[in-house]
Every structure is written in C-alpha cells, then in structure tokens.
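This report refers to the structure that appears directly beneath it.
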Amino acid sequence: MTHIKIPKDRIGAIIGPKGSVKQLIENKSTAELDIDSENGVVEIIQGDDPVGAMRAEEVVKAIARGFNPEKTIDMLDDDLLMLDVIDISKYTSTPKELLRLKGRIIGKGGKTREISERLIGVKISVYGKTVSIIGTPEQNQVARTALEMLIEGATHGSVYSFLEKKRQEMLQSQLDYY
C-alpha cells in the first residue's frame, strides 16, 4: 500500500469524468485507488500484479505533476516509459526567477517544449515548481540535459542544436540495432 500526496487541483484529473480515469488506471494495473479529496491523498492498494501497482503509482504521480491523463496511460502499457521530475525551485531564489525559468522551458507559445517533445519523443509538463518528463530512460536523460541547459542559461538555439544532434544519434543507434 502506497500513499501519495497530490495537489488538490489535480484530484479531478486523477478521477476523470464520471470516474473514467480512475477506472482505467485500476483496470490496467489491477491496483485499487482510494482517493481522499479532502486531504489530497491517493492510496494505492496493490492488486494481483505488484508491478501494476508500481505503474499505477507512476501514473498518479505524473497526473499530479500536471500531465493530461491521456498522456500518462501509455505508462501502464509500456514498461520502459518512466517519469522524471526536476525541482526547478532549487535553481531560483525568487518567485520571479522561477516564473522566468518556467517561461524559458515552455518557450514562446509553447514552442520550446513542443520542439523538445517532438525531437526526442518525450512528453513534458511544467507545473508548480517542477518540470516533468515521460519517456524511456535514454529519452529522459537527453531531455533532462536539454532542460538543465535552458535552466543554466544556454540559448534556445544551442539547446535545439543539442536536441537535433541527440535525435540523430538515437535514430542511428536504432538503425544499428536492426
């Protein structure tokens, strides 16, 4: 049994319309979700599949970190998909700086986030004081490095170049594999 504290404004997303998201997570994972909307606590009760319960926990954490539930459900079907959360508040000392960093990560009209997602094949969510990534371990490492480059002040152009190069390397390693 696991307890996860989640932001109260994300409880509705975990439950879903008429309980549909909660139901889907439970069906795919065999775990049971007991949601306390008063305290913002989700209890995950293991069903027949211990791995399923761990996957359900990852999905709940991803939704709690701002992901649209539809973007997280793949995690229940693909064991390689993982959640990686970066606390960006540790890179800032003021709320204004935090806002600026979030803006750099998202980019004008969401451009930077969209380019990162498309080139590397990850999903990125910027929520509260965190930026979260869903992808394979290799994809997450590349995305994390790119995000840290942005956080540390690298130009968007150099980050895009880095992502392009890594995309080519990843495609080449897939070709070499087959």
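The values are calculated or read from the model by the stated rules, or taken from the named source; none is laboratory data. Predicted model, so just to flag it, every value in this text is computed and none were measured. Note that we place each Cβ from the backbone using ideal geometry, even for glycine, and neighbour counts take in every protein chain shown.
TYR91 - would you say it is farther than 17 Å from ARG10 by Cβ, of a type in the set (Phe, Trp, Tyr) and not assigned by TED's automatic domain parsing to the domain that holds SER20? Give the derivation first.
Values: farther than 17 Å from ARG10 by Cβ: yes; of a type in the set (Phe, Trp, Tyr): yes; not assigned by TED's automatic domain parsing to the domain that holds SER20: yes.
In short, yes.
Within this structure, ILE120 fails the test of being closer than 15 Å to ASP84 by Cβ, out of contact with any Gly (no Cβ under 9 Å at 6 or more places or on another chain) and surrounded by 17 or more Cβ atoms within 10 Å (Cβ to Cβ).
Listed conditions (1) surrounded by 19 or more Cβ atoms within 10 Å (Cβ to Cβ); (2) without any contact (Cβ under 8 Å) to a residue 60 or more places away in the chain are all met by ALA62, apart from (2).
Looking at the structure I just gave you, is VAL42 surrounded by 19 or more Cβ atoms within 10 Å (Cβ to Cβ), assigned to a helix (DSSP H, G or I) and outside the structural domain of LYS123 (by TED's automatic domain parsing)? No: the conditions fail for VAL42.
Of the residues making up segment 30-46, those that are over 12 Å from PRO7 (Cα atoms) and acidic (Asp, Glu) are GLU32, ASP34, GLU43.
Of all residues in segment 86-111, those being in contact with a Leu (Cβ under 7 Å, 6 or more places away or on another chain) and either crowded, with 21+ Cβ neighbours inside 10 Å or outside any loop (DSSP other than H, G, I, E, B) (or both) number 6.
Taking the conditions (1) surrounded by fewer than 16 Cβ atoms within 10 Å (Cβ to Cβ); (2) within 30 Å of GLY157 (Cα to Cα) in turn, VAL51 satisfies each one other than (2).
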